[in-house]
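Asks: Here it is: the structure, laid out below.
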Amino acid sequence: MPRSRSGTAAVALVAVGAVLAGCGSATPASSGSAAGVAQDPNAPFEVWTRSTEATAKVYAKIFTDFEAKTGVKVDYKPVFADFDKQIQQRAASKDLPDLVVTDTGSLGVFTSQGLVGEIDKAGVAGGADVVERAWDNGRASDGKYYAIPFSTQAMVTLIRKDWREKVGKPVPTTWDELTDLAAAFTKDDPDGNGAADTYGMLVPGTTDRGYLGWWASNFVWQGGGDILEQDGDRFSVAVDSDGTVKAVDYLKTMFCGDPKLVQPGALTTGTNDAHAFFETGKTGIYVTGPYMFGRFDKNLGKDRYEVVAAPRGPAGGTVLGEGENIYLMAGSPRADAQKRLAEYLISAEAQQAGMKGDPTPVVRLPVNGKVDVKAVYDDPRWETTAKVYADSARPFSSVPNFQPFRQQFSETLNSILSTCGPDSKAELGTLAENLEKELQAQGMSK
């Protein structure tokens, strides 16, 4: 059922795009009606999060606290499987949830399809407490804000400490040392069971949602390459640059050597399936986010692995830094409730509650600058993560929709690493031609 907005709020939702054409009027409706059908202004408003069962419990507690403080009822729906598909289905029916918390990678899709409107950053109570770097997660390629940041994070490197000590290797600080450690984990029986059943590097290599490209981006940047390079408000394709080729060839040493240094089936492994390889003693190195600490502490043991900054490549130790945003979905008749919940979620109270999720926090690094990571977590691993984010993390390029670029890179890289052909440069060159067409289609080419 089409919905029209009611009430005024400092967070303005501006005109929506083609997907929601006719979904709602930008003019406030005093009756809160939709297509002539009265809606109960006191009814719960619908909130979605991209969540597992564990993280949904943390969100549910935060929303319960919000209800107690404000009297605003929340109809909470945690979604994990087919999240993006379900959002598109609701968009097609012009009946989106009122508010969504999901990853920053959704920003381009939501803005390009008109599923969210522009945010009046200055009108967000508590917005001044949000660190500016976090606000960048809600800023689109046009320089305007379409989401409010909720959580940030940086990729870190998890290593089986007990294995590393058994094979007598140092904590790796360079690519060469990382490869050497991965080889030792593969060849030197680090678990001592006498069987050749361990592997060095854990890779979520599926092309689903571009995950391989997501994981490999860290190495691309460390090699001095990129998928896209920004020049002012325009971009150029860099996926076939010397730095990117160097990074891809480095990854080939892990996938294509004898023996291979990655787990069996790496190029079809999804993220959910990947985690078990690390916690059950099949792989010893995992480049991932800090959201895995709680699970691995429980299933593997906190004392059996260590968290370090990424070993440096030829161009340094840059890693992916992203997070989750609060999206005020277009067409909602509950603009005031949207705003109140968003402002509560960025408050120090809610941020700390999100950080204390057990076993998995929903706020990894707080966006609120008044929240002290060291004081809340009392865990040096989170301090390492915060330092990596501050010193070495970067997001993907802020084109209107980065997903097609990540997806195509993921598919090409998957092909390169599965065939182990000698000419990465040529295959990346073909990809570059396709990405240039996508840049032109999005109006972002130089």
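Asks: If you go through the stretch 306-339, how many residues are open to solvent by 10 Å² or more (accessible area, probe 1.4 Å) and outside any loop (DSSP other than H, G, I, E, B)?
Replies: Going through the stretch 306-339 one residue at a time, the tally reaches 11.
Asks: For the stretch 40-159, give me every one of the strands (runs of 3 or more DSSP E) that falls completely inside it and has 3 or more residues that are farther than 19 Å from K339 by Cβ.
Replies: 74-79, 148-154
Asks: Which one is farthest from N414 (Cα to Cα), of the residues in the stretch 261-278 that are open to solvent by less than 30 Å² (accessible area, probe 1.4 Å) and part of a helix (DSSP H, G or I)? Steps first, answer last, please.
Replies: First pass over the stretch 261-278, keeping only residues open to solvent by less than 30 Å² (accessible area, probe 1.4 Å): 261-263, 266, 269-271, 274-275, 278.
Still in the list and also part of a helix (DSSP H, G or I): 266, 271, 274-275, 278.
Numbers: A266: 10, T271: 15, A274: 16, H275: 20, F278: 21 Å.
Per the criteria, the residue is F278.
Residues are listed down the side, and each one gets a yes or a no for (1) of a type in the set (A, V, I, L, M); (2) open to solvent by less than 10 Å² (accessible area, probe 1.4 Å); (3) modelled with pLDDT of 95 or more; (4) in contact with a Gly (Cβ under 7 Å, 6 or more places away or on another chain):
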{"residue": "S106", "(1), (2), (3), (4)": "no, yes, no, no"}
{"residue": "A122", "(1), (2), (3), (4)": "yes, no, yes, no"}
{"residue": "G126", "(1), (2), (3), (4)": "no, no, yes, no"}
{"residue": "T152", "(1), (2), (3), (4)": "no, yes, yes, yes"}
{"residue": "A182", "(1), (2), (3), (4)": "yes, yes, yes, yes"}
{"residue": "D188", "(1), (2), (3), (4)": "no, no, yes, no"}
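Asks: Here is a check on your reading of the model: is A56 among the small types (G, A, S), over 27 Å from G232 (Cβ atoms) and open to solvent by 50 Å² or more (accessible area, probe 1.4 Å)?
Replies: Values: among the small types (G, A, S): yes; over 27 Å from G232 (Cβ atoms): yes; open to solvent by 50 Å² or more (accessible area, probe 1.4 Å): no.
For A56, the condition - among the small types (G, A, S), over 27 Å from G232 (Cβ atoms) and open to solvent by 50 Å² or more (accessible area, probe 1.4 Å) - is not met.
Asks: Can you tell me which residue within the stretch 150-209, out of those that are of a type in the set (F, W, Y) and closer than 25 Å to A390 by Cα, is nearest to the chain's Cα centre (by Cα)?
Replies: Of everything passing the filter in the stretch 150-209, F150 is nearest to the chain's Cα centre (by Cα).
Asks: Given V245, V203, V239, which one is surrounded by 24 or more Cβ atoms within 10 Å (Cβ to Cβ) and over 28 Å from T360 (Cβ atoms)?
Replies: V239
Asks: From (1) buried (at least 20 other Cβ atoms within 10 Å of the Cβ); (2) under 30 Å from D84 (Cα atoms), pick out the condition that doesn't hold for R209.
Replies: Answer for R209: the failing condition is (1).
Asks: Using beta carbons and a limit of 7 Å, which pairs, at least six apart or on different chains, have the first residue in the stretch 211-240 and in contact (Cβ under 8 Å) with a residue 60 or more places away in the chain and the second one in a strand (DSSP E or B) and β-branched (V, I, T)?
Replies: W215/V287; N218/V287; N218/V319; L228/V237
Asks: Given (1) modelled with pLDDT under 95; (2) open to solvent by 30 Å² or more (accessible area, probe 1.4 Å); (3) small (G, A, S), identify the lone condition not met by G421.
Replies: Going through (1) modelled with pLDDT under 95; (2) open to solvent by 30 Å² or more (accessible area, probe 1.4 Å); (3) small (G, A, S) one by one, G421 breaks only (2).
The values are calculated or read from the model by the stated rules, or taken from the named source; none is laboratory data. Every value quoted in this text rests on a predicted model; they were computed, and no experiment measured them. Here the Cβ is made from the backbone with ideal geometry for all residues, glycine too, and neighbour counts use every protein chain on show. Heads up: the accessible areas ignore ligands, DNA and RNA and are worked out on the full protein's heavy atoms, side chains in. Shrake-Rupley method; radii C 1.70, N 1.55, O 1.52, S 1.80 Å.
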